[in-house]
Ligand SMILES: NC(=O)c1ccc[n+]([C@@H]2O[C@H](COP(=O)([O-])OP(=O)(O)OC[C@H]3O[C@@H](n4cnc5c(N)ncnc54)[C@H](OP(=O)(O)O)[C@@H]3O)[C@@H](O)[C@H]2O)c1
């Protein structure tokens with residue numbers, strides 16, 4: 001299985017944090033479905049086996065389910081989440097937030113009723129974007145239900161994190177035990193050349209044999225905007241795009257279990273996968289470490305990225 005997995009955040013709904021020309025894409029449900037099926041087939045043919053979705057990715061779960069049912073693959077690893085509801089309802093140009101967070105036991109029970117249909121290919125079930133403020137890590141009803149699902153289905157239970165305090169969330173989550181057993185097995189985290197403050201805690205988790213999955217490894221496309229001379233030089237040296245350098249930095253500096261691609265087209269996916277064909281030197285990795293922003297700088301800019 002390749003280290004690169006495919007995320008469906010951009011494939012299951014018409015609007016997301018995109019850097020592409022807005023008018024270049026047919027935003028009908030039918031066109032999105034055809035593109036998602038094509039992307040899933042291409043990804044599988046290229047060796048990708050890990051697929052990440054969520055109820056808030058519009059039709060992401062439904063597309064993944066239909067594709068998995070059609071092919072009945074026994075070697076795919078599907079991951080989904082609970083905790084955000086997609087409310088934009090495919091309305092193009094929707095003005096409010098497209099997804100709403102609710103980390104309650106009721107939301108878990110409601111979304112599990114749909115997501116459980118992804119079993120048995122479903123292997124990872126995650127809290128979507130846990131924060132310290134949402135109180136989800138202290139919600140005993142939620143934690144016990146997740147522990148029960150883990151026991152009954154063999155699912156790996158995961159947590160995904162966002163924001164400037166990811167390191168604190170991860171540390172707190174890693175300590176949680178239910179019935180004497182650590183609850184969380186998978187940690188899906190933002191880490192990339194511009195956001196490296198989770199490095200130490202992620203290294204520690206990996207040492208403890210937890211599965212670390214990296215999301216937003218292209219910083220939602222920000223790595224392409226005013227790229228540093230260093231990244232451009234490395235892209236020329238290895239004859240790849242800036243994306244492949246950013247992926248390779250994540251793989252070589254951290255060695256996580258999976259790095260998610262958020263590709264929307266076959267061309268992007270193939271360019272992302274070029275990261276698997278070379279390695280950075282230690283000197284290059286160290287030089288790329290200098291590109292990190294502070295968590296405050298990184299996440300305040302992240303907040304302003306438009307959905308289109
Ligand atoms: N748990 C969570 O809260 C959470 C949050 C975010 C993401 N995720 C997961 O992580 C996955 C990846 O994250 P992401 O898509 O948000 O961020 P990302 O991978 O950091 O960035 C995707 C962006 O990179 C651009 N891109 C990719 N390959 C390119 C190429 N070869 N050339 C030019 N542009 C390229 C895309 O452009 P276009 O705009 O042109 O497509 C898109 O804007 C998601 O699908 C999802 O599964 C989870």
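What's the number of the condition residue 62 fails, among (1) within 15 Å of the ligand (Cβ to nearest atom); (2) part of a helix (DSSP H, G or I); (3) surrounded by 15 or more Cβ atoms within 10 Å (Cβ to Cβ)? Only one criterion in (1) within 15 Å of the ligand (Cβ to nearest atom); (2) part of a helix (DSSP H, G or I); (3) surrounded by 15 or more Cβ atoms within 10 Å (Cβ to Cβ) is unmet by residue 62, namely (1). For residue 132, the conditions (1) closer than 30 Å to residue 285 by Cα; (2) touching a helix residue (DSSP H, G or I) at 6+ places or on another chain (Cβ under 8 Å); (3) surrounded by fewer than 22 Cβ atoms within 10 Å (Cβ to Cβ) are fulfilled apart from (1). Can you find even one residue in the stretch 87-110 that is touching a residue at least 60 places away in the same chain (Cβ under 8 Å), surrounded by 13 or more Cβ atoms within 10 Å (Cβ to Cβ) and assigned to a helix (DSSP H, G or I)? Scanning the stretch 87-110 turns up no residue that is touching a residue at least 60 places away in the same chain (Cβ under 8 Å), surrounded by 13 or more Cβ atoms within 10 Å (Cβ to Cβ) and assigned to a helix (DSSP H, G or I). Taken over the stretch 165-216, the criterion of being in contact with a helix residue (DSSP H, G or I) (Cβ under 8 Å, 6 or more places away or on another chain), touching a residue at least 60 places away in the same chain (Cβ under 8 Å) and assigned to a strand (DSSP E or B) is satisfied by 195 alone.
Among the residues of the stretch 111-129, just one is farther than 15 Å from residue 57 by Cβ, out of contact with any strand residue (DSSP E or B) (no Cβ under 7 Å at 6 or more places or on another chain) and surrounded by 14 or more Cβ atoms within 10 Å (Cβ to Cβ), namely 116. Pairing each residue of the stretch 235-247 that is in contact (Cβ under 8 Å) with a residue 60 or more places away in the chain with any residue that is assigned to a helix (DSSP H, G or I) and near the ligand (Cβ under 8 Å from one of its atoms), provided the two are 6+ apart or on different chains, yields C-beta distances under 8 Å for 247/272. Once the stretch 153-164 is narrowed to residues that are part of a loop (DSSP other than H, G, I, E, B) and either more than 14 Å from the ligand (Cβ to nearest atom) or within 14 Å of residue 115 (Cβ to Cβ) (or both), the residue that is farthest from the chain's Cα centre (by Cα) is 154. Being out of contact with any strand residue (DSSP E or B) (no Cβ under 8 Å at 6 or more places or on another chain) and surrounded by 23 or more Cβ atoms within 10 Å (Cβ to Cβ) is a condition met by no residue of the stretch 251-273.
All of the numbers you see were taken from the coordinates with simple rules; none came from a lab. Just so you know, these numbers come straight off a predicted model, no measurement behind them. Note that each Cβ is placed from the backbone with ideal geometry, even for glycine, and that neighbours are counted across all protein chains shown.
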